[in-house]
Structures are given as C-alpha cells and as structure tokens.
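Have a look at the structure below before the remarks.
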Amino acid sequence: FDPNAMSVEAALENILKSISSIKTSECVDLKSAYSRILSKNIKSKISVPNYKNSAMDGYAVNVGDFNVKNKTYDCIGESFAGNPFLKPVKKNQAIKIMTGGMVPSGCNAVIMKELITKKGGVISTKSRIIKDQNIRFPGEDIKKNEIVLKAGNKVDEIDIGILASLGIDRVSVKKRPVVGFVSTGDELVSIKKPIKISQVYDSNRYLLHGLLKKYPVEIKDYGVVKDKIKSIEKKFVEASSNCDVLITTGGVSVGDADYVKEVLEKLGKVNFWKIAVKPGRPLAYGKIKKCIFFGLPGNPVSVVVTFNLFVNAALNKLMGKGQDHLLSLEAELLTSVKKRKGRKEYKRGILINKKNKLYVRKSGLQGSNILSSVKDANCYIELSENMGEVPKGAKVKVLPFTLTSEYYE
Ligand code: AMP
Ligand code: MG
C-alpha cells in the first residue's frame, strides 16, 4: 500500500481535466463515417416514413362505420410500393395494396389479405376493423426537423442506416487524432526475429495496435527503444512532435533501468505516476508539449487494464465523444479472492449464468504477466479500495467485457 498513490477516480479526473477535445472536423461520405465521431448534431430534413403507407399486403378501405361488421367494398384500383393510386377512395370502396404502398386519401384502414374474401370486383371481411389499423404514418419513425444524432455520437451501423434513410450522404466528423506507441526494454525482440534465452517478444505494440483499432485514430508505430536515457529521450522527442497521444510501455517503475518518468519530467510535465490500482500501479501520465503522454507499465495485462481504464477515457475526451457507461452487474464469488486494502483491483473473471443467477470465478492466474487469463475471461471483477480478501459466496461487482460473452453452465 502506497500512501502517495492516486486513486483511480482522482487519476481519471486529472486526465480528463488536462485534455480538450479536437476542434477540427472533416466531411466524409456516409460509409466512411463508420466508427467516426460526429462533430455536429444531425437534423432530419424529411419525415420517415415520408408518406402514409401500408404495413401489410391487403386492401386499403374507406370505412364509414367501424361498428358495422360484415362489410363489403368495391375494389377500384391498386397501390404498390413506388406506384401509388392517386385518386381519392370513397366510402365503401377499397384498393388492393402492398406493403409500403401509399395509402390513398379517403382510406382509413388496411385489412390484411388473409382476412378477405374476394368475389369479382368486391371484397368482404368478417373481421373487426379498427380505425387506422395497419397504416404507417408520416414521421412515426423520424420527424422532420428532429435532431436524430448528436455531436459526439460514435457512428455505428444503425446510425448509418438511419442517416441513409434520411438521404444524408456526407457527414461532418472529428479529425482523427494521431496516436503513437513505443515499447521500451533491452529484453525485447521483434516478432520476426528468432528469440534467445532471456529475451521477450515485444507483444505490447501488437496489443496496443489491436486496442487502438477500435478507435477512429491514426495509429503510428514507433518501434522499440532500449533502456537508455539518451535513446528514450530521442525517441520521445520524435514521436511526441508527430502525435496527439503517445503511449509507451515498460520502464516506468522504480527499477534501475526504468527511465520513462525521468525522461518525461525532463521533456515535459508529469501529472502523476502512481495509481492505487492493480494491475497498473506505476503509470506515468503527463504531457510533452501538446502531446498527451501515457507511460504504461510493461506487463501485458497491466497494459490492457490501464488502457481500458485510462487511455480509453482520454481518447473519448480527445475525440469529443461522451464517456462510456459500462454495464455493471452483481455476482456471487465461486472462489475466494486475494486482495490488499488500499488499492482498487481488477481481477479477470468468468461470469456464469446458472439457473438465472450470476456467479463469477477467477479466470486463472492473476499475475500481470498472464495474458492468457484475459483471453479466458469475459469480465473484470472490480474490488474497491477498502476491501480486503473476499470470501467465497460474497457478492462482488462485475464488469462484462461485452454483452454476449456470458457463460452458461
Ligand atoms: P517493466 O515495466 O519495463 O519493468 O516491464 C515489466 C515486465 O513486462 C517485464 O517482465 C518485461 O519483460 C515485460 N514487458 C515489458 N515490455 C514488454 C513488451 N513490449 N512486450 C512484452 N512484455 C513486455
Ligand atoms: Mg523494462
């Protein structure tokens, strides 16, 4: 327990305060807007639907009295989607209509095909008719002049569908921030080279690349740098002058070869470098000139957890996107969990649904070097600072990675 370590909440507040969102925007075509952040509210210029139309294949009718059963109607025409019947329909008249076909003036209900008997040009039905049944009204999906999507919204496939339904072919989105990363460590080897004993493949750059792929950012890979102050300094100067955000991994702890914080201090400003969280305690956050700087720990699990906790929030703020509100659930622990007071801990867990009750267990070894237990996990178990060891059977807070990764047993 380190009394100088900042709480997760205070660290987040510090990060968010130090970042303002990108001001520049660009116009892109609708398909390219996928996963980008809208820079302006989008107002609909039309109503969706645009005209009164049928929800069924059947007959549009002009009903005089809805209380009278067993009615017959003269069928006087037809209306197909894209080919409307343009004359008015008088009382006790009907037209054949297809789904999406325009409902002509005068018609006040659509009767589905299956409920109709047809003889010559006359149709009849025994079923009760309710006013406006099976009719879709203009604007019932989207009203004209309505704000459909707000600035800060991350465009997904549904949004693209909605924008297309409004005939919008170009949208204004925030410019992509440039995010670079560097790995530090004398032990690191690039993945294409053979590995010697006492060496480690540099997995963090690939991990970070994957993590960043989900964001509308331009990714820059600055490779590996040795644990030498001069080399680190040179690399940080180069990378920070070309990036909005620079993420480094490793070399940020208190070991004899950990120079990241020292270099950050020399080139820019350190806001904080210790957080009361596991994994992820040593994390140097600050700026080199305008470049936002994250010195993440070297262990891969720490990289993932601190990225999710802190870099994600920073990127959201920078991109002008609202913060994520993660779904949290309560589940019963199937095993006891070790925990030290005074820091927040994120365990990798497997959330299980057993007869509609939620249970959670650790997904494997919890060392911050054990990336395989993140692979097997479908959630974090979030244990707050004041908790000590948690016994089996206790209720704990669980943060699912996605909504579809629930395990059934
Ligand atoms: P450090 O934070 O530099 O003390 O590194 C902590 C642990 O993470 C050490 O065991 C490193 O070998 C490991 N590590 C650091 N950087 C990487 C990397 N890029 N890929 C894989 N493991 C790493
Ligand atoms: Mg190192």
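Some points to look at:
- Of the criteria (1) aliphatic (A, V, I, L, M); (2) away from ligand 1 (no atom under 16 Å from the Cβ); (3) closer than 26 Å to residue 19 by Cα; (4) in contact with a strand residue (DSSP E or B) (Cβ under 9 Å, 6 or more places away or on another chain), which one residue 313 fails: (4)
- Filter result for residue 126 (modelled with pLDDT under 95, of a type in the set (Lys, Arg) and more than 30 Å from residue 317 (Cα to Cα)): yes
- Taking the criterion of being of a type outside the set (A, V, I, L, M), under 21 Å from residue 207 (Cα atoms) and within 16 Å of ligand 2 (Cβ to nearest atom), the residues of the range 228-257 that qualify are 235, 236, 248, 249, 250, 251, 253.
- Pairs, first at pLDDT below 95 and within 16 Å of ligand 1 (Cβ to nearest atom) in the range 230-252, second among the aromatic types (Phe, Trp, Tyr) and not in a loop (DSSP other than H, G, I, E, B), C-beta under 8 Å, six or more apart: 252/273
- Test: residue in the range 269-278 that is buried (at least 19 other Cβ atoms within 10 Å of the Cβ), in contact (Cβ under 8 Å) with a residue 24 or more places away in the chain and within 16 Å of ligand 2 (Cβ to nearest atom): no
- Residue within the range 70-80 that is part of a loop (DSSP other than H, G, I, E, B), surrounded by fewer than 21 Cβ atoms within 10 Å (Cβ to Cβ) and modelled with pLDDT of 95 or more present: no
- Residue check, residue 189 at pLDDT 95 or above, aliphatic (A, V, I, L, M), within 15 Å of ligand 2 (Cβ to nearest atom) and surrounded by fewer than 16 Cβ atoms within 10 Å (Cβ to Cβ): yes
- Residue check for residue 222: part of a loop (DSSP other than H, G, I, E, B) and buried (at least 19 other Cβ atoms within 10 Å of the Cβ): no
- For the range 13-69, the set of residues classified as touching a Ser or Thr at 6+ places or on another chain (Cβ under 6 Å), farther than 30 Å from residue 84 by Cβ and assigned to a strand (DSSP E or B) consists of 25, 27, listed by residue number.
- Condition check for residue 54 on (1) closer than 25 Å to residue 158 by Cα; (2) at pLDDT below 95; (3) polar (S, T, N, Q): one failure, at (2).
- The condition of being in contact with a Lys or Arg (Cβ under 6 Å, 6 or more places away or on another chain), closer than 24 Å to residue 305 by Cα, assigned to a strand (DSSP E or B) and of a type in the set (Val, Ile, Thr) holds for only one of 182, 173, that being 182.
The values are calculated or read from the model by the stated rules, or taken from the named source; none is laboratory data. Bear in mind that the values here come from a model prediction, so they are computed numbers and not experimental data. All Cβ positions, even for glycine, are placed from backbone atoms using ideal geometry, and neighbour counts span all protein chains on display.
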